[in-house]
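Structure first, commentary second.
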Amino acid sequence: MTRIVIVDDHQLFREGVKRILDFEDSFEIVAEGDDGSDVMGLYELHKPDVVLMDINMPRMNGVDATEELIEKYPEAKVIILSIHDDESYVSHALKTGALGYMLKEMDAEAIIQAIKVVTAGGSYLHPKVTHNLVTEFRRLSDREHKGSFHQTDIRRPFHLLTKRECEVLQLLTDGQSNRTIGETLFISEKTVKNHVSSILQKMAVNDRTQAVVSAIKNGWVEVK
């Protein structure tokens with residue numbers, strides 16, 4: 001059973017997340033709070049597997065609360081919930097030790113998947129957030145190399161992945177979710193999940209974000 005604490009100052013949003021998670025038999029909501037200042041006490045009392053934390057709260061925000069929690073309990077696993085997809089918000093949250101960053105526009109499947117990935121020791125970013133980080137990565141590379149960083153020929157990794165897996169990897173880089181990848185390629189969402197799992201295994205990475213970053217560094221995908 002995955003034990004979860006939800007911290008968000010909007011009760012209606014907390015209730016909505018709880019309804020989503022109730023569909024998953026292996027999830028248990030053990031406590032909830034309405035401010036970042038509640039997190040330390042809730043964690044010490046309930047020792048949850050995952051903390052879902054809003055980024056904007058009135059007294060202590062989610063980033064500061066995450067930093068304080070992980071400084072004392074390095075094993076704590078936090079997923080930030082936010083309306084902001086700006087790279088600066090994401091980077092700041094991840095630097096404090098959060099293992100996930102989800103936008104509040106997420107669908108039910110995404111939040112369930114994020115919790116499972118983070119519980120298993122991986123990291124999970126909302127697809128739109130991943131795309132923004134990729135764009136920022138390219139911008140910084142351009143600056144660092146003073147214009148010498150250019151994608152010329154894209155070398156698809158056909159030595160490692162199938163043609164379909166290469167297509168899925170490119171769409172992951174574009175920031176598409178499993179659902180939109182399925183719609184783009186005219187395949188089922190379940191088939192997309194299978195392709196993603198195969199890609200992660202073949203690339204020897206833990207999550208889709210690592211797969212995208214590795215693919216960019218190797219010149220296997222186009223950065224748009």
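The values are calculated or read from the model by the stated rules, or taken from the named source; none is laboratory data. Computed from a predicted structure; not experimentally measured. Every residue, glycine as well, gets a Cβ built from its backbone with ideal geometry; the counts of neighbours run over all protein chains shown. Note: accessible area is taken over every heavy atom of the protein model, side chains too, but ligands, DNA and RNA are not part of it. Shrake-Rupley method; radii C 1.70, N 1.55, O 1.52, S 1.80 Å.
Could you work out the equivalent-ellipsoid semi-axes for the chain, taking the square root of 5 times each eigenvalue of the Cα gyration tensor, largest first, in whole Å? Show your work: numbers first, answer last.
Numbers: eigenvalues 206, 84, 41 Å².
Those come to 32, 21, 14 Å.
Using 0.36 nm per residue of separation minus the Cα-Cα distance, give me the extension gain between Ser197 and Ala120 in nm, one decimal.
Working it through step by step, the gained length comes to 26.3 nm.
Take His159 and Leu185, extend 7 Å from each Cα along the Cα→Cβ direction, and tell me the distance between the two endpoints in nm.
If labels sit at His159 and Leu185, their model points lie 2.2 nm apart.
Debye calculation, C-alpha points only, no solvent: report log10 I(q)/I(0) for segment 1-61 at q = 0.14, 0.21, 0.25 Å⁻¹, in the same order as the q values.
-0.35, -0.76, -1.03
Using +1 at the Cβ of each Lys and Arg and -1 at the Cβ of each Asp and Glu in the chain, identify which of Leu21, Tyr89, Asn56 lies farthest towards the dipole's positive end.
Tyr89
Tell me the carbon and sulfur percent of the accessible area for the chain, rounded to whole percent, probe radius 1.4 Å. Walk me through the intermediate numbers first.
Numbers: 5750 of 11290 Å².
Ligands and nucleic acids excluded, carbon and sulfur give 51 percent.
Quick one: accessible area per residue over the chain, 1.4 Å probe, rounded to a whole number of Å²? Can you show the working numbers first?
Numbers: 11290 Å² over 224 residues.
Here the per-residue accessible area is 50 Å².
Cα extents of segment 37-135 along the three principal axes, largest first, in whole Å?
That works out to 38, 27, 20 Å along the principal axes.
Each residue of segment 210-216 in order: what ³J(HN,Hα) in whole Hz does its phi give by Karplus 6.51 cos²θ - 1.76 cosθ + 1.60, θ = phi - 60°, with x for Gly and Pro?
Result, rounded to whole Hz: 4, 5, 5, 4, 5, 5, 5.
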